[in-house]
Amino acid sequence: MLKNSCRLALKEMNHWMMPEKAKTSLTTFPSSAEIVSEPLGVVLVISAWNYPFLLSLDPVVGAISAGNAIVLKPSEMAPASSSLIAKLVADYLDSSCIKVVEGAVPETSALLEQKWDKILYTGNVRVARIVMAAAAKHLTPVVLELGGKSPVIVDSNINLKVATRRIIAGKWGCNNGQACISPDYIITTKDYATKLVDSFKCELERFYGKDPLESKDLSRIVNSNHFDRLSKLMDEEKVSSKIVHGGQRNEKNLQIAPTIFLDVPVNSLIMKEEIFGPLLPIITVDKVEQSFDLIHSSGGKPLAAYLFTNNKKLKRKFVETVSAGGLVVNDTAVHLAIHSLPFGGVGESGMGSYHGKFSFDAFSHKKAVLYRGFAGDAFLRYPPYTPGKLTLLQALLSGSIVGIIRALLGWFWA
């Protein structure tokens, strides 16, 4: 995906940079106008640990194509990747305009004290508030790529095997659930839940074997802190008895198997915070249409939301009523790979977007430019302002041809 972003920028950059023609009005006739993209200046990119190359360098591609100087702060939670990125950037990119600063909280805090022309941060809501507060001191605009509890609605009139596989790919295939667009929980009907669970059991065993902790295709948990956090979610008294598949753990190796819960209480910890791991609760409702009320009652707007159905009315209602950074029907997570779609959140899942041309736009200022000659100098602009002048000026500003004619006729007859 990172290589694709580079190729796209190289192919389209000249087109992105071209001024965009804009319409003018009678108010400024004769004239022409355009929108010119210009670099913002010096920007700061603070990236996350779960996709350390993609989330560090994909925004940098957009910032470079828009003509900015960049400071990149990779995540200290992926120290090997951070060190390699710092080495490769120093070896292969122009060090006069692109720098990598490694470190943890002290280094990040020091960077945030500086004045930037834009900050792009990928991570969690808690740190995003710190970033935004620091940016506010300098009136620096921000792009915040966060997360949230991304729901999956599963209807009954579907190809269950394909749906199950696609949910598995988006959940456990993407860093074992450690992804911002990972399916966080499933909503389905009481009548369909058992079939769905059985399908998950079958396909998970097919993909990861009878003992998933022995699988070479399942990511580990990033560190012991996250392992303990996930274990706390699993071990909550009203949740631990709801495990219907998985649950195996190896603390020494930081491994947690794909784990499915059925009918966990909506007030449990696992339903109150973003899971960001291999745990997948299934919530049941009487009718699939009730899923929308359940999503709305959560109070948040997730980074992604997913629906599996063949029902056209349900698809339409999903698009019209669910507010999320991105929606996918009959798949999960794949919208991330479409460069013609903006990637970003809404509400607490983030603000602003990037990918493809949206990355170029995120790091550009759209400068309005109006060109005029010396002909067509309207005497209406200048004092003294008679009632006739004001009437004609109002008509010109409104752009109404009929209004202009009426104003002229009224002035002539006066």
In region 179-213, which residue that is of a type in the set (Phe, Trp, Tyr) and in contact with a Lys or Arg (Cβ under 9 Å, 6 or more places away or on another chain) is most open to solvent (accessible area, probe 1.4 Å)?
Phe207
Specify which of the listed residues (Val142, Val89) is more than 24 Å from His226 (Cα to Cα) and under 20 Å from the mean Cα position of the chain (by Cα).
Val142
Counting only residues that are open to solvent by 80 Å² or more (accessible area, probe 1.4 Å) and touching a strand residue (DSSP E or B) at 6+ places or on another chain (Cβ under 7 Å), which one in region 367-414 is farthest from Glu38 (Cα to Cα)?
Arg372
Which count do you get for residues in region 101-146 that are open to solvent by 50 Å² or more (accessible area, probe 1.4 Å) and in a loop (DSSP other than H, G, I, E, B)?
10
Scan region 331-342 and give yes if some residue there is touching a Ser or Thr at 6+ places or on another chain (Cβ under 8 Å), in the same structural domain as Lys161 (by the TED database), buried (at least 18 other Cβ atoms within 10 Å of the Cβ) and of a type in the set (Gly, Ala, Ser), otherwise no.
yes
Within region 151-161, does at least one residue satisfy the condition of being open to solvent by less than 50 Å² (accessible area, probe 1.4 Å), assigned by the TED database to the domain that holds Ile187, not acidic (Asp, Glu) and not in a strand (DSSP E or B)?
yes
Keeping to region 246-261, report how many residues are under 14 Å from Leu218 (Cβ atoms) and of a type in the set (Lys, Arg).
1
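Consider region 13-61. How many of its residues are among the β-branched types (Val, Ile, Thr) and more than 24 Å from the chain's Cα centre (by Cα)? Full working, then the answer.
Of the residues in region 13-61, the ones among the β-branched types (Val, Ile, Thr) are 24, 27-28, 35-36, 42-43, 45-46, 60-61.
With the extra rule that they be more than 24 Å from the chain's Cα centre (by Cα), the set shrinks to 24, 27-28, 35-36.
Number of matching residues: 5.
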Region 374-405, residues that are within 44 Å of the chain's Cα centre (by Cα), in a loop (DSSP other than H, G, I, E, B) and either under 30 Å from Pro302 (Cβ atoms) or in contact (Cβ under 8 Å) with a residue 24 or more places away in the chain (or both)
Gly399
For region 295-324 the number of residues that are of a type outside the set (S, T, N, Q) and more than 17 Å from Ser156 (Cβ to Cβ) is 14
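The values are calculated or read from the model by the stated rules, or taken from the named source; none is laboratory data. This one's a predicted model, so the numbers in the text were calculated from it and none came from an experiment. Quick reminder, even Gly has a Cβ in these numbers, built from the backbone with ideal geometry, and neighbours come from all protein chains shown. Only protein heavy atoms, including side chains, enter the accessible area calculation; ligands, DNA and RNA are left aside. Shrake-Rupley method; radii C 1.70, N 1.55, O 1.52, S 1.80 Å.
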